[in-house]
C-alpha cells in the first residue's frame, strides 16, 4: 500500500463531508431529542444531550471520533465563549465543520449558558435572536 499526501487529502474531504451531513441532518427544526435545536434550547449544567451524541455516533463511521462545541457571545462580558458538549482529546490531524443556528432568547431554558439576561423588559428579551456556531471537530481513530 502506498500512502501519499493526496490520499490523506481525499480522506480529509470525505471526513468533512460526513461532518457536514451530520450537522445538516441534525439541524432540523423539530422537538425530537436528538436534534441540535432541542439540545441547544435545553442545554444547562444538569442536561447532557445524550440522544444528540448517540445520533452523531450513528451517522459517523466507526473510524471517526468527534468533539462537539458551541461558540457564542456572552453579552455580559462581551466575549466569545465556548461551551464544550463533548471534550475528547483529538489527534493532531482534525477536520472542523460548523453550522450557524439562530434561536430566540425566550426559547432557551432559564439557566441556559446562551440566554441573555438583562434588567430590561422580559417580553422584549424573549425576542432577542441569539447566534450560535456549532462546531464538530472530527478525526480518524
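Here residue 97 passes the criteria (1) surrounded by 11 or more Cβ atoms within 10 Å (Cβ to Cβ); (2) out of contact with any strand residue (DSSP E or B) (no Cβ under 6 Å at 6 or more places or on another chain); (3) under 28 Å from residue 10 (Cα atoms) except the one numbered (2). One residue alone among 76, 91, 30 is exposed (fewer than 13 other Cβ atoms within 10 Å of the Cβ), in contact with a strand residue (DSSP E or B) (Cβ under 8 Å, 6 or more places away or on another chain) and at pLDDT below 95, and that residue is 91.
Within region 52-74, if we keep just the residues that are free of Cβ contacts under 8 Å to residues at least 60 places away in the same chain, in contact with a helix residue (DSSP H, G or I) (Cβ under 8 Å, 6 or more places away or on another chain) and part of a helix (DSSP H, G or I), the residue that is farthest from residue 85 (Cα to Cα) turns out to be 59.
Residue count for region 37-68 satisfying the condition of being crowded, with 18+ Cβ neighbours inside 10 Å and within 17 Å of residue 94 (Cβ to Cβ): 7. Of all residues in region 75-115, those that are over 19 Å from residue 46 (Cα atoms) and in contact (Cβ under 8 Å) with a residue 40 or more places away in the chain total 13.
The values are calculated or read from the model by the stated rules, or taken from the named source; none is laboratory data. Computed from a prediction, not measured in an experiment: that's the story for all the values here. Neighbour counts run over all protein chains shown; Cβ positions are idealised from the backbone, glycine included.
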